[in-house]
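Values quoted throughout were computed directly from the atomic coordinates according to the rules given, and no laboratory measurement underlies them. Worth saying up front: this structure is predicted, and the values here are computed from it rather than measured. Quick reminder, even Gly has a Cβ in these numbers, built from the backbone with ideal geometry, and neighbours come from all protein chains shown.
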Amino acid sequence: MSVAIDSGPSDRLVARDIHVRRGNRCILQAVDLSVAPGRLLALVGPNGAGKSSLLNVLAGLLVPSRGHVTLDDRPLDQWSPTALARRRAMLSQQVHLDFAFSTNEVVMLGRSPHPPNNSAVMGDQGIVEAALRAARAWELRGRNYLDLSGGEQQRVQLARVLAQVWEQHDEPSWVLLDEPEAGLDIAHQHFVLEHARTLTRQGYGVITVLHDLNLAARYADDVALLAQGRLLHHGSPAYALDPHTLSTVYGLPLRRITLDDDEWILVPSRSQDKGAATERVRRYLSRI
């Protein structure tokens, strides 16, 4: 897992003209996005902006109403499920597992797309153990998954995701995380995103949905800001997390405070009437 992969333009995960509709509701509208391996992209935006839907489209788990996604210049619908599962792994917001598996068995599920590997050097069991350590879940090994807290289950599921794409061969692999900080204490939130950064240094592409804008500013290489199903900004955190645009989109005045080490955080500046804020969002989106 520690070998970096040289990537080229064809290794990108690219979404073109993505539309998603559910009944009469438009979830995503004309989204174009190109993501390079070796970088961490954060998808941010208010509730209902389409972040999780876009992540599912990028993972090949949700078929768009219009448009398509390519990996290695090849549409996702031309990949077999097994081949795609060997290249990308996804941690969903909620993973329902009602069987009394041990934590090791849950992580071993991540190895299911791969041929059995009983190597004494780094076989499937060795990868499971290494993934538990990498996810800071080693102390949970062997326990009944159903006896764990929500945060502990989240760490085990992260280990499963890591086990699924543990080996990189000639092409970079992808890790997609839907609100990975949910249910975790502050220390584990930062650990998960620090580890995501480590994955990018090893050549992985990482795409994560985040609600915490300051975590996005701190850890992301690139940020995509969505609102009402549209992609508003895509670029560096300093560009995409513009306080004026965020204040309009979230309906809450925000300002940027620069810290002593040149890092910055976003904080609310004052309260505001919600109805007026909603109207400003509508006017803003009508102009783009």
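Give me the dipole magnitude in Debye, nearest 20, for the chain about the Cα centre, with unit charges on the beta carbon: positive for Lys and Arg, negative for Asp and Glu.
That gives the chain a dipole magnitude of about 1040 debye.
Only counting other Cβ atoms within 10 Å, I'd like Ser92, Ser149 sorted with the fewest neighbours first.
Ser149, Ser92
For Arg21 and Thr198 in one chain, what is 0.36 nm times their gap in residues minus the Cα-Cα distance, to one decimal in nm?
Roughly 60.2 nm would be gained on extension.
Compare the Cα positions of Asn118, Val156, His234 along the charge dipole of the chain (+1 at Cβ of Lys, Arg; -1 at Cβ of Asp, Glu; about the Cα centre) and return the one farthest towards the positive end.
Farthest along the dipole direction, towards plus: His234.
For each of His233, His68, count neighbouring Cβ atoms within 10 Å of the residue's Cβ, then give the residues from fewest to most. Show your work: numbers first, answer last.
Details: His233 19, His68 16.
If I rank by nearby Cβ atoms, fewest first, I get His68, His233.
Considering only DSSP beta bridges whose two residues both sit in the chain, what percent are antiparallel, to the nearest 5?
Working: 25 of 42 bridges.
In the chain, DSSP labels about 60 percent of beta bridges as antiparallel.
Amide H to amide H, which residues 5 or more places from Trp264 or on other chains are under 5 Å from it, using H placed in the peptide plane?
Leu259
Between Ala187 and Ser236, what is the FRET efficiency for a Förster distance of 25 Å, r being their Cβ-Cβ separation, to the nearest 0.05?
Computed FRET efficiency for Ala187 and Ser236: 0.40.
May I have the pair-distance distribution P(r) for the chain, computed from all Cα-Cα distances with 10 Å bins from 0 and rounded to whole percent?
In whole percents, the pair-distance histogram is 6, 27, 34, 23, 9, 1, 0.
Using the basic label-point model (7 angstrom from Cα toward the beta carbon), what is the Met122 to Arg39 distance in nanometres?
2.7 nm
Working only with C-alpha atoms, what are the Rg and Dmax values of the stretch 38-96, expressed in angstrom?
In Å, with Rg to one decimal and Dmax whole: 12.4, 34.
Let me have the 222 nm mean residue ellipticity of the chain computed from DSSP H runs of 4+ only, each contributing -39500 (n - 2.57), with the sum over all residues rounded to the nearest 500.
-9500 deg cm²/dmol
Find out how many positive minus negative residues lie around His188, taking Lys and Arg as positive, Asp and Glu as negative, among other residues whose Cβ is under 11 Å from that of His188.
Counting the neighbours of His188, the net charge comes to -2.
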